[in-house]
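The values are calculated or read from the model by the stated rules, or taken from the named source; none is laboratory data. Note that the coordinates shown come from a computational prediction; the quantities given were computed from them, not determined experimentally. Here Cβ is always computed from backbone atoms with ideal geometry, including for glycine, and neighbour counts include all displayed protein chains.
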Amino acid sequence: MFKSEHFKAMKEDAVFLNMGRGTTVDEKEMIEALNNNEIRHAVLDVFEVEPLPEDSPLWDMENVTLTPHNSAITAGYMPRALDIFENNLKQFLNGEKPEINVIDPKRGY
């Protein structure tokens, strides 16, 4: 999804963040954009290949911040997750269809 033309369209001081899916970014083209100063920095929590291979140039790049694939975990994560679960469980037990964060196998999540 994110390729060379997308990085070229960004401002030179752009900070690119990927906390979604590693396969949405062409890592080789992102690395090229970083090396060519087309974007300033990348913050990455996910990668094309996980775990990130030891020989990946991303490890040594000064303009890249790597996080350990848990950027979504915050102090409020569990309370929010449990609130959603409780609401969905109540709906399910009442014979209703849960409404929040419903799994859709056709979409893959």
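Restricting the first residue to segment 49-74 and requiring it to be at pLDDT 95 or above, which pairs with a second residue that is surrounded by 13 or more Cβ atoms within 10 Å (Cβ to Cβ) and not aliphatic (A, V, I, L, M) meet a Cβ separation below 6 Å and a spacing of at least six or different chains?
Listed pairs, sorted by first residue: N63/H41.
Only one of these conditions is not met by V49: (1) β-branched (V, I, T); (2) under 17 Å from M1 (Cβ atoms); (3) surrounded by 15 or more Cβ atoms within 10 Å (Cβ to Cβ). Which number is it?
The one condition V49 does not meet is (3).
For residues in segment 90-109 being loosely packed, with under 10 Cβ neighbours inside 10 Å and aliphatic (A, V, I, L, M), which is nearest to R21 (Cα to Cα)?
I103
Sort out which residues of segment 60-77 are closer than 21 Å to G20 by Cβ and either loosely packed, with under 12 Cβ neighbours inside 10 Å or in contact with a helix residue (DSSP H, G or I) (Cβ under 6 Å, 6 or more places away or on another chain) (or both), and write them in order of number.
Correct list: N63, V64, P68, N70, A72, I73, T74, G76, Y77.
Could you list, in sequence order, the residues of segment 1-23 that are surrounded by fewer than 12 Cβ atoms within 10 Å (Cβ to Cβ) and not in a loop (DSSP other than H, G, I, E, B)?
E5, A9
Tell me, please, whether a residue that is closer than 22 Å to I103 by Cα and under 13 Å from the mean Cα position of the chain (by Cα) can be found in segment 41-59.
yes
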